[in-house]
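**Q** Just dropping this structure here.
The values are calculated or read from the model by the stated rules, or taken from the named source; none is laboratory data. Everything numeric here is computed off the predicted structure, so don't read it as measured data. Note that each Cβ is placed from the backbone with ideal geometry, even for glycine, and that neighbours are counted across all protein chains shown.
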Amino acid sequence: MTAALIATAIVVVALLWETMLPWIERRLAGLRARREARSIGVPAYDPGRERRAEQRARELLRSCVNDEEWEMYRDLGFIRVWGGQAGGPEEGWDLGGAPYAYLIYPHKPIVAYLPQTGQLLNEYCVEFPDETRPFGSARLPDSDDALAKWMALKGDEQRLIGQANLHLPGRQIDPRKVQRDLWRLRQWERTRLERLARTPREASGSGQT
Amino acid sequence: MKFLRMRPGHGEQLIAEGDPEVAEDEQRLVDEFRRQLDAGMWAAVPVTSEAGRREAAMVHDFGQIPRDTERVIFFPRAAGGGR
């Protein structure tokens with residue numbers, strides 16, 4: 001009886017060890033990375049600092065984009081920007097005059113699509129790494145990343161698209177999620193238009209949208 | 001005119017400020033502009049179109065910045081990601 005219990009315990013411990021091993025390795029790697037970062041003078045990760053940075057970034061974003069775009073980002077988590085090239089996002093394309101647009105997600109690829117049909121065109125993977133790494137990370141706050149994409153698309157769409165790595169839809173963002181987001185965007189726009197129609201004063205005050 | 005720079009862990013940082021109509025300030029702004037671009041930054045100016053829409057213009061030279069601009073925003077240049 002005792003031997004059976006001991007054998008069972010050994011099996012349980014062995015199984016637990018196998019299960020826990022990857023988790024333990026990840027924790028140890030994290031500890032090692034933090035120790036190395038501290039040894040070269042990089043400040044420790046501070047969630048409060050990151051939250052304050054994100055708050056500042058949101059204020060900057062809000063002050064730069066149109067009211068509609070800000071509300072879209074606040075409510076849905078992404079911004080739609082209309083494409084400005086004649087034929088399509090890239091040279092040599094011909095969409096037959098159909099308008100196209102981009103969805104800007106923070107720290108995710110920019111997704112190009114056709115608003116009329118909902119067809120996804122491409123993912124443009126682009127980053128804005130700050131190699132000075134002031135706090136050990138090259139990653140801008142989420143809203144700064146979204147604003148950088150917005151400004152670069154508005155200011156020089158071809159240049160940004162030219163810098164990006166091009167992938168077919170679905171490489172990083174699940175196409176079902178994008179389709180869901182497009183549906184949410186349509187619902188959101190309808191609700192917003194209804195609200196603006198009910199409050200003409202508010203509508204006249206949002207001439208930037 | 002304010003120069004703002006996006007930074008990880010900070011949000012935007014004020015890196016220079018001055019009146020471009022004052023020669024001394026202008027030179028300081030020109031120097032800082034060059035320094036940021038040499039450090040690999042892109043510079044954008046928030047603008048408002050004639051229709052009243054907010055847009056952005058990328059600037060590659062100090063002379064391209066409209067004189068009445070209040071803010072120039074610097075951010076790291078784009079690089080392809082997700083490989």
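**Q** Whether any residue in segment A:44-59 is free of Cβ contacts under 8 Å to residues at least 40 places away in the same chain, closer than 26 Å to residue A:118 by Cβ, outside any loop (DSSP other than H, G, I, E, B) and within 11 Å of chain B (Cβ to nearest Cβ) is what I want to check.
**A** Taking every residue of segment A:44-59 in turn, none turns out to be free of Cβ contacts under 8 Å to residues at least 40 places away in the same chain, closer than 26 Å to residue A:118 by Cβ, outside any loop (DSSP other than H, G, I, E, B) and within 11 Å of chain B (Cβ to nearest Cβ).
**Q** For segment A:90-187, list the strands (runs of 3 or more DSSP E) that sit wholly inside it and hold at least 1 residues that are at pLDDT 95 or above and touching a helix residue (DSSP H, G or I) at 6+ places or on another chain (Cβ under 7 Å); which are they?
**A** A:101-104, A:110-113, A:120-127
**Q** Say whether the condition of being free of Cβ contacts under 8 Å to residues at least 60 places away in the same chain, aliphatic (A, V, I, L, M) and farther than 25 Å from residue B:81 by Cα is met by at least one residue in segment A:109-120.
**A** Looking for residues that are free of Cβ contacts under 8 Å to residues at least 60 places away in the same chain, aliphatic (A, V, I, L, M) and farther than 25 Å from residue B:81 by Cα, one finds none in segment A:109-120, hence no.
**Q** While we're here: Mind checking whether some residue in segment B:12-32 is loosely packed, with under 15 Cβ neighbours inside 10 Å, within 14 Å of chain A (Cβ to nearest Cβ), of a type in the set (Val, Ile, Thr) and part of a strand (DSSP E or B)?
**A** no
**Q** Among the residues of segment B:42-53, how many are surrounded by 20 or more Cβ atoms within 10 Å (Cβ to Cβ) and not aromatic (Phe, Trp, Tyr)?
**A** Matching residues across segment B:42-53 total 4.
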